[in-house]
1. Exactly one condition in (1) among the aliphatic types (A, V, I, L, M); (2) modelled with pLDDT of 90 or more; (3) within 19 Å of Tyr16 (Cα to Cα) is false for Ala163; which is it?
2. Being within 25 Å of Val41 (Cβ to Cβ) and open to solvent by 50 Å² or more (accessible area, probe 1.4 Å) narrows it down to one of Ala113, Ala136, Ala120, Ala160, so name that one.
3. Pick from Leu28, Leu43: which is farther than 30 Å from Lys179 by Cβ and over 20 Å from the mean Cα position of the chain (by Cα)?
4. Under 9 Å between Cβ atoms, at least 6 apart or on separate chains: pull out the pairs that start in the range 34-50 with a residue that is of a type outside the set (Ser, Thr, Tyr) and end on any residue that is in a loop (DSSP other than H, G, I, E, B).
5. Kindly provide the set of residues from the range 5-14 that are more than 24 Å from Phe153 (Cβ to Cβ) and either touching a residue at least 24 places away in the same chain (Cβ under 8 Å) or open to solvent by 70 Å² or more (accessible area, probe 1.4 Å) (or both), ordered by number.
6. If you check every pair at least six apart or on different chains, which have Cβ atoms under 8 Å apart with a residue in the range 165-178 that is without any contact (Cβ under 8 Å) to a residue 40 or more places away in the chain and within 17 Å of Phe66 (Cα to Cα) first and a residue that is open to solvent by 70 Å² or more (accessible area, probe 1.4 Å) and assigned to a helix (DSSP H, G or I) second?
7. Looking only at the range 101-142, count how many residues are modelled with pLDDT under 85 and either assigned to a helix (DSSP H, G or I) or touching a Lys or Arg at 6+ places or on another chain (Cβ under 7 Å) (or both).
8. Closer than 16 Å to Ser156 by Cα and either open to solvent by less than 30 Å² (accessible area, probe 1.4 Å) or touching a Gly at 6+ places or on another chain (Cβ under 9 Å) (or both) - does that describe any residue in the range 66-87?
Amino acid sequence: MYKGVFSIYARYWRAYGGTAALVRSFYLHAALLITLICANVWLTPGWWDQVTAIVPNVLGFTLGGFAIFISFGDEKFRQLLAEPDDEDDEDAPTAYVRLCSTFVHFILVQILALLFAIIAKAMYFPWIDAPAFFKAALPWMNGAAGFIGYALFIYSLASALAATMHVFRIASMYESFQKSQAEAENDPR
């Protein structure tokens, strides 16, 4: 029933690099460190207001940037990016798909951060008549939820830098491509 939905997510995850790429990500590590530094924010009720105020604007900008990125370069360059890198593995993602997966990852993390913040805000209410064990556990549960939600938010912002650097990498590749094209046209052979 949902095979098509799950297969496209699996394709994205493979192109992104999977769990190994996520665990090794400089941007994830930086986001976790920044989240720890900002503990005073996410341990306080209302942290979600910052997320819901910032992420929708970043998400709109990201979608626009992704649309521009997809049309970047001329047809020959896009064809070159879409050629398989590894002839032994026909299912290996091309450079074009890998670069698109960075934007997709960036967008998915933003959406997760926004949804988590909305749900955290919706579920926050004081427990006046709660059982004692629940009242004792509630601050720990709120803290854990705050850490996860705020870490997603900070990671979504850090992912903006990752996507920016991928665009710069493509621009550098395009520059090299254009130089090689010009050299080929000027070669007297």
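1. Of everything listed in (1) among the aliphatic types (A, V, I, L, M); (2) modelled with pLDDT of 90 or more; (3) within 19 Å of Tyr16 (Cα to Cα), Ala163 misses just condition (2).
2. Within the list Ala113, Ala136, Ala120, Ala160, the selection yields Ala136.
3. When all the criteria are applied, what remains is Leu43.
4. Matching pairs, first to second residue: Pro45/Tyr124; Gly46/Tyr124; Trp47/Cys38; Trp48/Tyr124.
5. Residues satisfying the conditions are Val5, Phe6, Ile8, Arg11, Arg14.
6. Close Cβ pairs satisfying both conditions: none exist.
7. 9
8. Checked the range 66-87: no residue is closer than 16 Å to Ser156 by Cα and either open to solvent by less than 30 Å² (accessible area, probe 1.4 Å) or touching a Gly at 6+ places or on another chain (Cβ under 9 Å) (or both).
The values are calculated or read from the model by the stated rules, or taken from the named source; none is laboratory data. It should be emphasised that the depicted structure is a prediction, and the values quoted were computed from it without experimental measurement. In this analysis, Cβ positions are derived from the backbone assuming ideal geometry, glycine residues included, and neighbour counts consider all displayed protein chains. Only protein heavy atoms, including side chains, enter the accessible area calculation; ligands, DNA and RNA are left aside. Shrake-Rupley method; radii C 1.70, N 1.55, O 1.52, S 1.80 Å.
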